[in-house]
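The values are calculated or read from the model by the stated rules, or taken from the named source; none is laboratory data. Source: prediction; values computed, not measured. We place every Cβ from the backbone using ideal geometry, glycine too, and count neighbours over all the protein chains shown.
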Amino acid sequence: MKGWLVRQKGIAEFVADLPEPELVGESMIVRVDAATANFADRLLIDGKHQIRPKRPFTAGLEAAGTVVESSSDRHPVGARVMGLVEPGVGSWAELCRCLPHNVISIPDGVDSVAGVAIHLNAETVWLALHHRARITAGEVVLVHAAAGGLGTMAIQLAVAAGATVLATCSAGKAAVPLRLGATAVVDNRADDWHDQVAEHAPDGVDIVVDPVGGDLFERSLKLLRFEGRLITLGFASGEIPSLPANYALVKNLSLIGVFWEPYAARRPSLVDQAAQEIFALHAAGRIDPCITVVDDISNAVDRVNDVAAGVTVGKTVLVWQ
């Protein structure tokens, strides 16, 4: 079996002799039709992700494909599924292993490439905005890293909820959030980005969606109005920030963290609701998968390095060509 093997920290090798995964307990073997290159994949290879499979392991965290073996009644052989793979038995290979609660069925009419591009990012953002932050029409939402995978979904779901969206990203990517419905875009590399956002929202913002952390997180606190909500979805900057508790107290702020996998295990009905609403919006033409790169899985490391370097926009999808 072909795929990417990680024998030592930081290095993934494309090999042709990976052992094929086997069923373990209630699980499924999925033939990979599409995978993704995410910042989290780079962290996994580098041993910096919160999930740390024992080496050697097969890289890749996210897949869409067809079940070829199954001990799960929920997803029998022949089912088309998408979601997280079992860490270490990864999606950057011809076959991967998945646990039933970590995948959902691909809706009819959706291909694997679009499904894997939308699924986890959009559902994470839906859980953040609707379930946790209780977004309402008319609110102002600030989205950081707005040209990335999470950011593009955050803009679209906030707009669909009737919110006004402000966005930050590097200046060369500004056309992406504007196309998706952002009212204004600010260069997050400018020293005065905070002041520029404040000019567009002089009364403050209601919700901040932050996959970056570091300085963006800390300076966003000052942009939140009374009862504002700051949603943290990751730390692409590599810096994990702190929230001054006294500042949260004075302005009655909420810090919200959202990670998809525990919801899949503990609240599967909520994940199903998110998926239904998201793919209904997609069918209506209101959710663009924002796929800007489709490449062969044999080039996965080059593509994930592009993502980690911040030179891509939207979603990078990997397929067997």
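Of all residues in the range 142-162, those satisfying the criterion of being crowded, with 24+ Cβ neighbours inside 10 Å, within 23 Å of Ala280 (Cβ to Cβ) and at pLDDT 95 or above are Val143, Leu150, Gly151, Thr152, Met153, Ala154, Ile155, Gln156, Leu157, Ala158.
Suppose we keep only residues that are part of a loop (DSSP other than H, G, I, E, B) and within 14 Å of Ala35 (Cβ to Cβ) within the range 88-105. Which one would you say is farthest from the chain's Cα centre (by Cα)? Selected residue: Glu94. Suppose the filter is without any contact (Cβ under 8 Å) to a residue 40 or more places away in the chain and either in contact with a strand residue (DSSP E or B) (Cβ under 8 Å, 6 or more places away or on another chain) or outside the structural domain of Asn299 (by TED's automatic domain parsing) (or both); does Pro21 pass it? Here the answer is no, as Pro21 does not meet what is asked.
Run Arg189 past the list (1) in contact with a Cys (Cβ under 8 Å, 6 or more places away or on another chain); (2) over 23 Å from Ala114 (Cα atoms) and report the number of the one that doesn't hold. For Arg189, the failing item is (1).
Take the conditions farther than 19 Å from Leu223 by Cβ, part of a loop (DSSP other than H, G, I, E, B) and in the same structural domain as Pro202 (by TED's automatic domain parsing) and apply them to Ala137. Does it pass? Outline the logic, then answer.
Working: farther than 19 Å from Leu223 by Cβ: yes; part of a loop (DSSP other than H, G, I, E, B): yes; in the same structural domain as Pro202 (by TED's automatic domain parsing): yes.
Against the criterion (farther than 19 Å from Leu223 by Cβ, part of a loop (DSSP other than H, G, I, E, B) and in the same structural domain as Pro202 (by TED's automatic domain parsing)), Ala137 qualifies.
Condition check for Glu218 on (1) touching a residue at least 12 places away in the same chain (Cβ under 8 Å); (2) out of contact with any Pro (no Cβ under 6 Å at 6 or more places or on another chain); (3) not aliphatic (A, V, I, L, M): one failure, at (2). In the set (1) of a type outside the set (Gly, Ala, Ser); (2) at pLDDT 90 or above; (3) within 21 Å of Val141 (Cα to Cα), Glu218 fails one condition alone, (2).
Sub-8 Å Cβ pairs linking a first residue in the range 301-312 that is in the same structural domain as Gly238 (by TED's automatic domain parsing) to a second residue that is crowded, with 19+ Cβ neighbours inside 10 Å, at least 6 apart or interchain, number zero. Checked against (1) surrounded by 20 or more Cβ atoms within 10 Å (Cβ to Cβ); (2) under 30 Å from Ile240 (Cα atoms); (3) of a type in the set (Gly, Ala, Ser); (4) out of contact with any strand residue (DSSP E or B) (no Cβ under 6 Å at 6 or more places or on another chain), Ala59 meets all criteria but (4).
Applying a threshold of 6 Å to beta carbon distances and a minimum spacing of six or more residues, or different chains, the list of pairs starting in the range 33-61 at a residue that is in contact (Cβ under 8 Å) with a residue 60 or more places away in the chain and not assigned by TED's automatic domain parsing to the domain that holds Gly234 and ending at one that is among the aromatic types (Phe, Trp, Tyr) and part of a loop (DSSP other than H, G, I, E, B) reads Ala35/Trp92; Ala59/Trp92; Gly60/Trp92. Just to verify a result, which residue in the range 163-181, among those that are crowded, with 24+ Cβ neighbours inside 10 Å and of a type in the set (Val, Ile, Thr), is nearest to Val271 (Cα to Cα)? Among those residues, the one meeting the criterion is Val165.
Conditions tested, residue by residue: (1) hydroxyl-bearing (Ser, Thr, Tyr); (2) more than 15 Å from Leu318 (Cα to Cα); (3) buried (at least 20 other Cβ atoms within 10 Å of the Cβ).
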| site | (1), (2), (3) |
| --- | --- |
| Ala79 | no, yes, no |
| Met82 | no, no, yes |
| Leu95 | no, no, yes |
| Cys98 | no, yes, yes |
| Val103 | no, yes, yes |
| Ile106 | no, yes, yes |
| Val116 | no, no, yes |
| Leu120 | no, yes, yes |
| Val125 | no, yes, yes |
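Here are Asp187, Asp206, Asp210, Asp192: which of them is charged (D, E, K, R) and surrounded by 24 or more Cβ atoms within 10 Å (Cβ to Cβ)? Checking each option against the conditions leaves just Asp210.
Note on the range 203-321: enclosed strands (runs of 3 or more DSSP E) holding 1 or more residues that are over 27 Å from Thr168 (Cβ atoms) are 291-296, 315-319.
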